[in-house]
Structures are given as structure tokens and as C-alpha cells.
Amino acid sequence: MREARQGLRRSEFVLYFQPIIDLRLEKVASVEALLRWNHPTRGLLAPGMFECLFEDSEVGPAVQRRVLKLAIAWLRKHAAVAGSLAVNFTSMDLRGAESARLVLALLERAGVAPASLCVEVTEGTVFGRASGEPATALRILHAAGVRVALDDFGTGYASLVHLKEIPVDVLKIDRSFIDGMLKDDGASEEIVRAVLALGHGLKKDVIAEGVETIAQLTRLRELGCAYAQGYLLGRPSPKLPTGDALKRAA
Ligand code: G
Ligand code: MN
């Protein structure tokens, strides 16, 4: 924890950005902010490598505050060009009405429209241990114009009733289904097809996560998928995503 506190002081926690591509218009539709720790000796770390920090009642919220601050600063600079920014929220960021109002106040102070922020949550975040409060926060954020995306859809407590209980604008199909799509006995592809039909029927945007090959991209297009994200289309980078990787892949 001492290292993490020092990391916070030295601004070692940074955001990388990955484009979400509109497959019809062949351009960047929005961008996802991904937390990284530029560790002085261990190199660039993804959140999976420092999950334990989020369990600390002091460091966890401090890192989360840093993410929000960096995300809003980015939006202030780039929202006009890049459209919206998706930020991964944990249950720590969604502790009832008060935390939602804090996010809205920060946006307002920075002069950023709530609609340029998309809050990404997993079902575990919303319906896990701290259930109740995250849903309240999401309702307030959504009512103010913030978009809500269900991340890793299909891997959590994938009970469909959640789609009625919380305001959701976007479903993100978990990358395990995209990975399985052209490999397994057809089960993954059937699930992708079903989530696309479900999302479109409910008038939500559906994003395929973790697209790594042209074969996957082609199949997703055939299935009517309009948005995709993944290494093939653009790796997370500290720079503003350009969508050039899409042109190379096309
Ligand atoms: O849970 P969430 O979808 O927010 O996770 C995002 C993570 O997935 C990031 O750390 C990012 O680096 C990683 N990621 C993004 N695109 C791909 C991809 O195409 N393949 C794999 N394996 N990981 C990816
Ligand atoms: Mn995400």
C-alpha cells in the first residue's frame, strides 16, 4: 500500500484509451478509458495485477478518484472530437445518491455534458454485495444524461430482470464469447447472436469486446453487430485513438 500511495503522489496511475468502432461508418464511435499503473520497477500494470489495492478502504477510493479526475480532464479536452468516454466504475464509485451527485458536480464544474460520459459496470458491481446503492446511483446518473453500459455481459449474474431494473443503454458482449465464436461447437456464436437480438430488441447498442481477428470481425458484421472493440481495431494506448487500425484490418 505504501507503494500505491507513493504511486498516487507521483502520478503513476494513468489512463490508456481504446477505441470502440462503429462498423457501419468505419470510424471511432467512442473511447474506453483503461486504468494502468506505470510501476517504477514492475513496468506497466493492468488492473488485474493490482486488484488488491481496491480492497483497501483508503487507497482504493483514492485510485478511483484519480481515474474519474483523469477521465473528466480528458473529456474536457477531447469530447468534441472523440465523442463519449466510457469509464469502468466499481461499486466504490456508486455508493448511492451522494456519489452520483459528486460525479455530476465534477462534470458540471469541468463544463462536460453528462451525455459524454458512459459508466461501464458489470452485473457483479451492481448486484453484488453492495446491492441497492449502485442501482440508485446509476438511476440518478442516467436521469441526468450519463450513459450506462453493462460490461462483460453474459458472465455475471446474467439474470435478464436486471435489464429492467437498472437503466442500461449499452450491452458489451464479453470477450470470451467472441474468442469462442469460431472455435467451439457453435455455442459462443449462438450466444452472440442471442445477445445481439436481445439488445437490438430492447433498443440498446451492443458492442462486441475482444475482437482480435479479421475472421471474428467478418462474422460479427454478418450477424449484424454494429460496434466492436479489441486489439484488431485498436490497442489501448496513452494517445487519442485514431481508428487507423480499423483501416489496416479492413
Ligand atoms: O472488463 P473490461 O472489458 O473493461 O476489460 C478491459 C480489458 O480488456 C483491458 O485491460 C484491455 O487491455 C483488455 N482488452 C481490450 N481488448 C482486448 C482484446 O482484443 N483481447 C484481449 N485479450 N484483451 C483485451
Ligand atoms: Mn470495460
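The values are calculated or read from the model by the stated rules, or taken from the named source; none is laboratory data. Because the structure is predicted, anything quoted here is derived from the model rather than measured. Every residue, glycine as well, gets a Cβ built from its backbone with ideal geometry; the counts of neighbours run over all protein chains shown. The accessibility values were calculated without ligands, DNA or RNA, using every heavy atom of the protein model including side chains. Shrake-Rupley method; radii C 1.70, N 1.55, O 1.52, S 1.80 Å.
Computed over protein heavy atoms with a 1.4 Å probe, the carbon and sulfur contribution to the accessible area of the chain reaches 52%. Just to confirm the number: angle between the C-alpha axis of helix 133-143 and the first principal axis of the chain, 0 to 90 degrees, nearest 10? Its long axis makes an angle of about 70 degrees.
Hey, got a sec? Which GluC sites (Glu not before Pro) in the stretch 49-94 land in a DSSP loop and have at most 13 other Cβ atoms within 10 Å? Let's see the in-between values first.
On the way: sites: E51, E55, E58; in loops: E58.
Passing both the DSSP loop test and the Cβ count: E58.
Taking the DSSP bridge list for the chain and keeping only pairs wholly inside it, about 45 percent are antiparallel.
Over the stretch 75-197, the pair-distance histogram of Cα-Cα distances with 10 Å bins from zero comes to 13, 40, 29, 15, 3, 0 percent, rounded to whole numbers. Kirkwood radius, the stretch 124-250, all distinct C-alpha pairs, inverse of mean reciprocal distance: 15.7 Å.
Based on protein heavy atoms only, the stretch 120-250 ends up with 47 Å² per residue of surface accessible to a 1.4 Å probe.
Under a Cβ-only charge scheme (Lys and Arg +1, Asp and Glu -1), can you give me the dipole magnitude of the stretch 169-213 about the Cα centre, in debye to the nearest 20? All intermediate terms of the calculation are to be shown ahead of the outcome.
On the way: 6 positive and 10 negative charges, 46 e Å.
Magnitude of the dipole: close to 220 debye.
Within the chain, the percentage of alpha carbon pairs spaced more than 21 angstrom apart rounds to 59%. If you bin all the Cα-Cα distances of the stretch 1-136 at 10 Å, starting from zero, the percentages per bin are 11, 39, 37, 12, 1.
Can you tell me, using C-alpha contacts under 8 Å and at least 6 residues apart, the relative contact order of the chain as a whole percent? The value is 20 percent. A straight line joining the Cα centroids of the stretch 115-176 and the stretch 49-63 runs 21 Å. Helical content of the chain, expressed as a calculated mean residue ellipticity at 222 nm, amounts to -12000 deg cm²/dmol (DSSP H runs of 4 or more residues, -39,500 (n - 2.57) each, divided by residue number, nearest 500).
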